[in-house]
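Undergrad: Here you go, one structure.
The values are calculated or read from the model by the stated rules, or taken from the named source; none is laboratory data. This one's a predicted model, so the numbers in the text were calculated from it and none came from an experiment. Using ideal geometry, Cβ is built from the backbone for each residue, glycine included, and neighbour counts are taken over all protein chains shown. These area figures cover heavy atoms from the full protein model, side chains too; ligands, DNA and RNA do not enter into them. Shrake-Rupley method; radii C 1.70, N 1.55, O 1.52, S 1.80 Å.
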Amino acid sequence: MSSAIVLPRSALLDAAPVRVTRLEAVRPATAAPVYVYGDSTPFALGVDFIATVRAVVACGVALMKSQHAIDCARARVTDAQEHLLRLNSDLGAMADAVEEALASGGPRQAYVRDVATRVATLTRGTMNNEMRRAQAVLDSAVFRADRTMVEARKSAGVALGDLLARHDLPGATLGTRLFATGDHYGAEVVVGLPCGVRATFDAALPEGHAWRQLRRVRSAREGAMITLPRPVGWLRRRVEPVMVRLDALTVLGASMEGGRGALLLGKSERSGIAHAFDVDFTPAAPRVQWRDADDSSAVDLGPQDAACVVKLLRTIDGATRQLLLGRRAMTEGTLDGRPIGECDPGEVCARLVALVAPDVRQIARRSGAPGELVLRRNVDSGHRDEVFVTNAELLEQVHTLPPSLRRAFASLELDGKPRSPRAPARSLPTYEEISACEFLAVG
């Protein structure tokens, strides 16, 4: 178990997500409508997955447009580099030829040799000027490319953040972090996906919520007591097990992410952490380790004390689950542990599409309407509402991309299906049409 805990953020167990949270567990069962496939068989995820598919495709298209901008910027730099290399080779060969020609013909008069030297010098000077001009073009291309790639990756991050703030994708794990800041709590929500994407969101509890202000342990669990090793004695100091009452301590931090949790307690934020607990929920009986303010070596708590800490942490988590619906701006994103800003948006798109593709294909097979993805929501006895999206609507967005980038969506199997009569008229120009307009405008 990790033993490093520091407020406010990195200390609240930045462990890799564990696929243990079902989407149904994130919200109360009574609040989530039950969905079925078009053939009336149950749909396991229990969410409006049609809205999720729309959002994933829209996000994927935005990511691939960012990827296109990055690819074009890289291509411009590569062209400028190749031009510089060719120019250096061609001008070098020309200068060598001039010098060779000037050196041929045997002995010459002194004034002729002086002219030949000036011609050779002018040739090399002209070559160097052209090389400096080409290098300046390359430097400018690199500068513009860097700026383009920064902006493209920033746009990609915004698109990914918008998607994960509003939709729970298959296999997503959701974790919360609460940390003291001043006289109130700051909060974050961590979303982990099985495809390696992990995002941290700024979050907030609703106005008037009890846990917006700092709370003492007794607010969550009255009479919480555990046995901890403490120094005792005046003349001969020794460490013995002592019963410690937690009621009056302030909750300085709490987090639950997948199979891991953390709880930080102290007299106040100013006085710092007095007790830090790391919780491992993966065993049948959760394990809890304790460390004191001196950050000494971790001590495993006994079953009874561990159960007390686990109940306290779960009570706090239950009281603050509304944070999951309060996701705001994405503050950090990673792909396989690498910052999103250092990854190609196309790779993120491929991971997201692969994550939803099996469910999309299954919905298509069971929709009963060619060219459509259909789910039905049970509203009440004998009444179902249908939610659907046509392949044509999704493909319309995909076709705004260059053909080479559309392959990222191939696993959704949207192509090759008859057009649904319910598909709306096309409103977005394809990439080919946009390029043609740009060509005509230039011409």
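Undergrad: Pro402 - would you say it is touching a Leu at 6+ places or on another chain (Cβ under 9 Å), under 25 Å from Glu432 (Cβ atoms) and touching a residue at least 60 places away in the same chain (Cβ under 8 Å)?
TA: no
Undergrad: Condition first: under 27 Å from Ser155 (Cα atoms), at pLDDT 95 or above, among the β-branched types (Val, Ile, Thr) and within 28 Å of the chain's Cα centre (by Cα). Can you find one or more residues in the stretch 363-376 that meet it? Before you say what the answer is, go through the steps one by one.
TA: Within the stretch 363-376, the subset under 27 Å from Ser155 (Cα atoms) is none.
No - not one qualifying residue is present in the stretch 363-376.
Undergrad: In addition: Is it the case that Ala159 is of a type in the set (A, V, I, L, M), within 30 Å of Phe43 (Cβ to Cβ), open to solvent by less than 80 Å² (accessible area, probe 1.4 Å) and within 52 Å of the chain's Cα centre (by Cα)? Show your work before the answer.
TA: Details: of a type in the set (A, V, I, L, M): yes; within 30 Å of Phe43 (Cβ to Cβ): yes; open to solvent by less than 80 Å² (accessible area, probe 1.4 Å): yes; within 52 Å of the chain's Cα centre (by Cα): yes.
Taking the combined requirement at face value, the residue satisfies it.
To keep it simple, each residue is scored yes or no on (1) open to solvent by 40 Å² or more (accessible area, probe 1.4 Å); (2) under 41 Å from the mean Cα position of the chain (by Cα).
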| position | (1), (2) |
| --- | --- |
| Phe49 | no, yes |
| Lys65 | yes, yes |
| Ala75 | yes, yes |
| Ala93 | yes, no |
| Leu122 | yes, no |
| Asn129 | yes, no |
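Undergrad: Which pairs turn up if I take residues in the stretch 418-438 that are within 26 Å of Pro370 (Cβ to Cβ) and look for partners that are open to solvent by less than 70 Å² (accessible area, probe 1.4 Å) and modelled with pLDDT under 90 with beta carbon separation below 7 Å, at least 6 apart in sequence or on another chain?
TA: Ser420/Ala369
Undergrad: Out of (1) of a type outside the set (A, V, I, L, M, F, W, C); (2) under 20 Å from Cys308 (Cα atoms); (3) touching a Ser or Thr at 6+ places or on another chain (Cβ under 9 Å), the odd one out for Arg218 is which?
TA: Failed condition: (3).
Undergrad: Just a yes or no: is a residue in the stretch 306-325 surrounded by fewer than 16 Cβ atoms within 10 Å (Cβ to Cβ) and in a loop (DSSP other than H, G, I, E, B)?
TA: no
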